[in-house]
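Scroll down for the structure; my scribbles are underneath it.
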Amino acid sequence: MNKCRDFDFKPKIFCQLFDAFVGAVISYGAVWRYTKSKEIERLHLNFLKRLLNVNQTTCNAFVYGELGRYPLYVNRYVRIIKYWLKVRSIDFFIYI
């Protein structure tokens, strides 16, 4: 984040970079084990609050709403549902 501050990026670009680099690593394997990890959400909120340059005690709902984002566990839950629907649509009898 410190290196990116040298460039004049919009908050949307910062969030895309977070999702691509940090979010991908954090969410790896979410399909196999789902948890509402407080540490992951704390990391995400810390990033968002630093991005908005607000106090760490600022209401979390305000931060999510201001940037149009959701907690990361929602994204992991959606991935799990999509994976499950994909598995259900596979015709297993073809491989037997």
> Which residue pairs have Cβ atoms closer than 9 Å, lie 6 or more positions apart in sequence or on different chains, and pair a first residue in the range 58-81 that is at positive phi with a second residue that is not hydroxyl-bearing (Ser, Thr, Tyr) and not in a loop (DSSP other than H, G, I, E, B)?
Replying inline: Gly68/Lys12; Gly68/Cys15
> Looking only at helices (runs of 4 or more DSSP H) that fall completely inside the range 4-96, which ones have 1 or more residues that are basic (Lys, Arg), at pLDDT 90 or above and surrounded by 12 or more Cβ atoms within 10 Å (Cβ to Cβ)?
Replying inline: 38-52
> Which residues, taken from the range 49-63, are more than 18 Å from Cys15 (Cβ to Cβ) and β-branched (Val, Ile, Thr)?
Replying inline: Thr57
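The values are calculated or read from the model by the stated rules, or taken from the named source; none is laboratory data. As the structure is a prediction and not an experimental result, all values here were calculated from the model. Cβ: placed from backbone, ideal geometry, glycine included. Neighbour counts: every protein chain shown.
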